[in-house]
Amino acid sequence: MASALLPHTATLIGARREGVVAALIGSIGEGGSLELQRAAVGALQRAAALARCRSGARGLVAWLLDVDGTRGRAAEEAREATSVGGVGSDAEDDGDGDSLGISDDEEEASKEAGLKHVPAKNPASSSSREPPPASGAGDGTAEAPNASNRGGGRADRPVHMSRAGARIVGACLGLNPAAARPILESVLALRPEAMVVAAHDPSGSRGVMEPLAALGPESSWARQRVVRALRGRWADIADHPRGSRVARRLAAACDARSLEVMASDFSAAERRIRGSRWARGLVGLCRLDHYKEDKSGWRRAVEGARQARETARGAGGGAAGRRAALTGLLAKGTQGGKRSEAKASNGSSTA
């Protein structure tokens, strides 16, 4: 059934049925063959090409997330054109977002993010309606400036985040690494500002940023590159309820080189990090005090912790894995103690 629906991916997305596509790809990832998983990603790429995604395949994730609102505006324009064509009396908006082609999931995500969908005005009754208030006026909300768009939007346009589109991206990141590589490359093609917005957004954090922490060894290169691409922005990400969760998960999965990027950012904004109710836990997770005192020793400690995690994972996890990891750490500590004693004895004999 999945293979029969894949050719209709573009139609489903165009009809604002991204949730169906996300469920379809999720079912393929659970038991589908590698060929079928690649076909699913290929269907998404063709859908983006049909929509004239300006950045080609590398702009696929930006298109799915609708970061510049292109798909939302296209749906609105199509609906307005339909109402001008003679269905104007039936196009009156009841305020629930349906007249904009917005799914229930996306409406819920927008409410959670504190953003407000402004209903489209009916051309037949535009003279009797007051213009909508400016974003952030009267309701205490504001929309983030869109510096993240690679699909042609302007910097003064608000950043949108499609909840269902994020679910599609998350389902794709759970595919076989060989099939998911185009999606990972497209995530890396996002500008850093868009990644910050995704980390703070309820749908973007769960569907895009957090799954990066769960990538296996074959795809860890993408996680490390994302962490490094956000150099200078980690304090902004962490000082946020959802962003701090993203930072914690990525910090726990990073190698020493990538974690140093985060530690450097937190060290530069230490007062802000320690004073934040959401970010202060990262001080201990990143061993910030140790990092400031001895960077080379910090790197060795982080690398040792990473090797211990891999040992535990290789031993099958659980109590046996933890015992194996602890044994390895104790052995290294004993060897280090013997070397220190040898250096001390050599020093005393020289004296």
Go through the residues of region 239-252 one by one and say whether even a single one is within 24 Å of Leu173 (Cβ to Cβ), β-branched (Val, Ile, Thr), part of a helix (DSSP H, G or I) and at pLDDT 95 or above.
-> yes
Filter pass, Ala78 being buried (at least 17 other Cβ atoms within 10 Å of the Cβ), in a helix (DSSP H, G or I), more than 20 Å from the chain's Cα centre (by Cα) and at pLDDT 65 or above = no
Scanning region 1-35 residue by residue, those in a helix (DSSP H, G or I) and of a type in the set (Ser, Thr, Tyr) turn out to be Ser3, Thr9, Thr11, Ser27
Given (1) part of a helix (DSSP H, G or I); (2) touching a Lys or Arg at 6+ places or on another chain (Cβ under 9 Å), index of the condition Ser296 fails | (2)
(1) among the hydrophobic types (A, V, I, L, M, F, W, C); (2) under 19 Å from Arg280 (Cβ atoms); (3) buried (at least 22 other Cβ atoms within 10 Å of the Cβ): which one isn't true of Ala252, the others all being true?
-> (3)
Kindly indicate the residue of region 233-272 that is out of contact with any Asp or Glu (no Cβ under 7 Å at 6 or more places or on another chain) and β-branched (Val, Ile, Thr) and also farthest from Asp201 (Cα to Cα) among those meeting that condition.
-> Val261
Which residue out of Leu285, Leu259 is among the aliphatic types (A, V, I, L, M) and crowded, with 20+ Cβ neighbours inside 10 Å?
-> Leu259
Say whether the condition of being in contact (Cβ under 8 Å) with a residue 12 or more places away in the chain, closer than 16 Å to Arg306 by Cα and among the hydrophobic types (A, V, I, L, M, F, W, C) is met by at least one residue in region 232-246.
-> no
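The values are calculated or read from the model by the stated rules, or taken from the named source; none is laboratory data. What you are looking at is a predicted structure, and each value in this text was computed from that prediction instead of being measured. Glycine also receives a Cβ, built like all others from the backbone with ideal geometry; neighbour counts cover every protein chain displayed.
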